[in-house]
1. Take the residues in the stretch 127-139 that are in a loop (DSSP other than H, G, I, E, B) and in contact with a strand residue (DSSP E or B) (Cβ under 8 Å, 6 or more places away or on another chain); name whichever of them is modelled with the lowest pLDDT.
2. Would you confirm whether any residue within the stretch 140-149 is open to solvent by 70 Å² or more (accessible area, probe 1.4 Å) and at pLDDT below 75?
3. Against the condition open to solvent by less than 50 Å² (accessible area, probe 1.4 Å) and not in a loop (DSSP other than H, G, I, E, B), how does Ala73 come out, does it pass?
4. Which residues, counting only those in the stretch 94-122, are surrounded by 12 or more Cβ atoms within 10 Å (Cβ to Cβ) and either without any contact (Cβ under 8 Å) to a residue 12 or more places away in the chain or of a type in the set (Gly, Ala, Ser) (or both)?
5. Scan the stretch 79-93 for residues that are of a type in the set (A, V, I, L, M, F, W, C), surrounded by fewer than 13 Cβ atoms within 10 Å (Cβ to Cβ) and closer than 23 Å to Leu35 by Cβ and jot them down.
6. Within the stretch 23-57, which residues are open to solvent by less than 80 Å² (accessible area, probe 1.4 Å), over 18 Å from Ala10 (Cα atoms) and at pLDDT below 85?
7. Please find, within the stretch 115-126, the residue that is modelled with the lowest pLDDT out of those that are part of a loop (DSSP other than H, G, I, E, B) and touching a strand residue (DSSP E or B) at 6+ places or on another chain (Cβ under 9 Å).
8. Between a residue in the stretch 1-28 that is on the phi < 0 side of the Ramachandran plot and any residue that is open to solvent by less than 70 Å² (accessible area, probe 1.4 Å) and at pLDDT below 80, which pairs come within a Cβ distance under 7 Å, given they are 6 or more apart or on different chains?
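The values are calculated or read from the model by the stated rules, or taken from the named source; none is laboratory data. Values in this document were obtained by computation on a predicted structure and should not be read as measured data. Note: ideal-geometry Cβ built from the backbone for every residue, glycine included; neighbour counts use all protein chains shown. Only protein heavy atoms, including side chains, enter the accessible area calculation; ligands, DNA and RNA are left aside. Shrake-Rupley method; radii C 1.70, N 1.55, O 1.52, S 1.80 Å.
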Amino acid sequence: QGAPRRFLLAGYTSYELSYVQEPRLSVRLPKQRRLPLLRFGVNGPLRQTALATGTAQLIQFTPLWNRAAYEAAVAVVHDFIATGDIYQANLTFLCGNNRQLLKSLYAALAAVQPVQYGALILQDGLPNNLSRAPELFFRTDAQGNIQTRPMKGTQPRHSDPAKRSRPPGFSRDRPKKP
């Protein structure tokens, strides 16, 4: 019998997944998109992989959008924060890259950013993902149960549907939960 084999479920959800989870947002789901809404794979058995060597700097990456697109996106984020709809945003964008450079950057970040969860997902024909995260989005137990927790700062959803529509400034005026 021996020791049980352990496998790792790893992957990602695209930002557009929320558009199919919330009926009011379904009209915003892009008709043409490159990324799947969910992409997970079972990898294993678990093994330790040596990190790449070499140096990498962010200046070696070329953003795949221009200054005007960046400024427009930042303005939208500022508007949402100013009205109290959000208190934080993760503004992401694609960069030109190559696999060896990403491997070196991941290793450099791991050396100076000791977070518990990190991944480098290299994909043929799709954007690659590099992530260093201090939070776990979900975990499973031996019985197959999945546990999720809200991210820090998330306000609870009210059980009364009439009270779910909160006035502008609601998030801004409430203390954040740790």
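1. Selected residue: Pro134.
2. Yes, the conditions are met somewhere in the stretch 140-149.
3. Judged against the criteria, Ala73 is a match.
4. Correct list: Ser104, Ala107, Ala108, Ala110, Gly118, Ala119.
5. Leu91, Phe93
6. So the first thing to find is which residues in the stretch 23-57 are open to solvent by less than 80 Å² (accessible area, probe 1.4 Å), and the list is 25-26, 29-30, 35-37, 41, 43-45, 52, 54, 56.
This time we only want the ones that are over 18 Å from Ala10 (Cα atoms), so: 25-26, 29-30, 52, 54, 56.
Correct list: Ala52, Gly54, Ala56.
7. We begin by selecting, within the stretch 115-126, every residue part of a loop (DSSP other than H, G, I, E, B); these are 115-116, 122-126.
With the extra rule that they be touching a strand residue (DSSP E or B) at 6+ places or on another chain (Cβ under 9 Å), the set shrinks to 115-116, 122-123, 126.
On the way: Val115: 80, Gln116: 77, Leu122: 85, Gln123: 84, Leu126: 84.
Residue satisfying both the conditions and the ranking: Gln116.
8. Qualifying pairs under 7 Å: Arg5/Gly44; Arg5/Pro45; Arg6/Gly44; Arg6/Pro45; Phe7/Gly44; Phe7/Pro45; Leu8/Gly44.
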